[in-house]
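Heads up, the thing below is written out as structure tokens.
The values are calculated or read from the model by the stated rules, or taken from the named source; none is laboratory data. If you're wondering where the values come from, they're calculated on a predicted model, not measured in any experiment. Here the Cβ positions follow ideal geometry from the backbone for every residue, glycine too, while neighbour counts run over all protein chains shown. Note: accessible area is taken over every heavy atom of the protein model, side chains too, but ligands, DNA and RNA are not part of it. Shrake-Rupley method; radii C 1.70, N 1.55, O 1.52, S 1.80 Å.
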Amino acid sequence: MQRATTLVRKPAVRPDAVVDTVVLDYAARGRASGHLHAEGGLAFDLALAKAATIEDGDALRLEDGRLVAVRAAPEALLEVRAENPARLTRLAWQLGGNHVAAEIGADVLYVPDTPANAELVRGQGCAAAAVSRAFRPERQAHDHSTCGHDHGHEHDHGHEHDHDHGHAHRHGHAHDHHDHDHAHGHAHSHAHEHGHDHEHGQHVHGPGCRHGH
């Protein structure tokens, strides 16, 4: 049985690699594992490393490199509108407090068609109409599934940066420059950092040195 182990976001999906399409509702698009059947008959196991919200247009990469496109399934929703934006805003606040997933438009909200949601909509003085459409709610604040920041790369870069500076210091330590002021200032920095005494001409720098730099 083929396994889908990688989620590919819509901008990175290569159409020529797509071999089938799987239709998933909102709940199924939030799972990390499960057995799926694509429209063309391909059966495979979903085995993502962690749960992530799969969006309409994303794809799942199989272990052999092929892609299965994901399409959001139509769902029973309430299309909610209000006479003024304030009422819609208050309703959105209430929905968030009740942990109800909601898709937010410019002047409309879409929520799952349940008796509890319908009652909440009426309580806020908003109007609701039953519709069937793909549900694309807002992501939760802690969902970092689309974060493209490569923390490992930053760590490696920092390591190289420090390493380069270390070489620069060692080079400066052995450097004998004709410009006495420049070399003297650089070597003195090493004396403070590493506890080494350096001689420049006939003068020895010690703990009581008051030589101006």
- Note on the structure: Going through segment 12-26 in order, the residues found to be more than 18 Å from the chain's Cα centre (by Cα) and not in a helix (DSSP H, G or I) are 14, 18, 19, 20, 21, 22, 23, 24, 25, 26
- Message: I'm told residue 18 meets every condition in (1) in contact (Cβ under 8 Å) with a residue 40 or more places away in the chain; (2) within 20 Å of residue 104 (Cβ to Cβ) except one. Can you identify the failing condition by its number?
- Response: (2)
- Got a number for residues in segment 43-53 being open to solvent by 20 Å² or more (accessible area, probe 1.4 Å) and either part of a strand (DSSP E or B) or not hydrophobic (A, V, I, L, M, F, W, C) (or both)? 5
- Looking at (1) out of contact with any Ser or Thr (no Cβ under 9 Å at 6 or more places or on another chain); (2) open to solvent by 20 Å² or more (accessible area, probe 1.4 Å), can you tell me which one residue 22 breaks? (2)
- Could you please tell me which pairs satisfy a Cβ distance under 6 Å, a separation of 6+ or placement on different chains, a first residue in segment 1-14 that is without any contact (Cβ under 8 Å) to a residue 60 or more places away in the chain, and a second residue that is not basic (Lys, Arg)? 1/45; 5/47; 8/59; 10/57; 10/58; 13/59
- Return a yes/no flag: does segment 31-51 have any residue that is more than 30 Å from residue 124 (Cα to Cα) and among the polar types (S, T, N, Q). yes
- Query: For segment 54-136, which fully contained strands (runs of 3 or more DSSP E) count at least 3 residues that are open to solvent by 30 Å² or more (accessible area, probe 1.4 Å) and either under 18 Å from residue 27 (Cα atoms) or in contact (Cβ under 8 Å) with a residue 24 or more places away in the chain (or both)?
  - Reply: 74-81, 127-134
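Does segment 30-37 contain any residue that is among the charged types (D, E, K, R), part of a loop (DSSP other than H, G, I, E, B), under 30 Å from residue 128 (Cβ atoms) and open to solvent by less than 40 Å² (accessible area, probe 1.4 Å)?
Step one: filter segment 30-37 for residues among the charged types (D, E, K, R), giving 31.
After this cut, where a residue has to be part of a loop (DSSP other than H, G, I, E, B) as well, the list is 31.
With the extra rule that they be under 30 Å from residue 128 (Cβ atoms), the set shrinks to 31.
Going one step further and asking which of them are open to solvent by less than 40 Å² (accessible area, probe 1.4 Å), we end up with none.
Checking segment 30-37: not a single residue is among the charged types (D, E, K, R), part of a loop (DSSP other than H, G, I, E, B), under 30 Å from residue 128 (Cβ atoms) and open to solvent by less than 40 Å² (accessible area, probe 1.4 Å).
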- Item | Options 9, 29: the member that is under 18 Å from the mean Cα position of the chain (by Cα) and either within 24 Å of residue 76 (Cβ to Cβ) or at pLDDT below 95 (or both) | 29
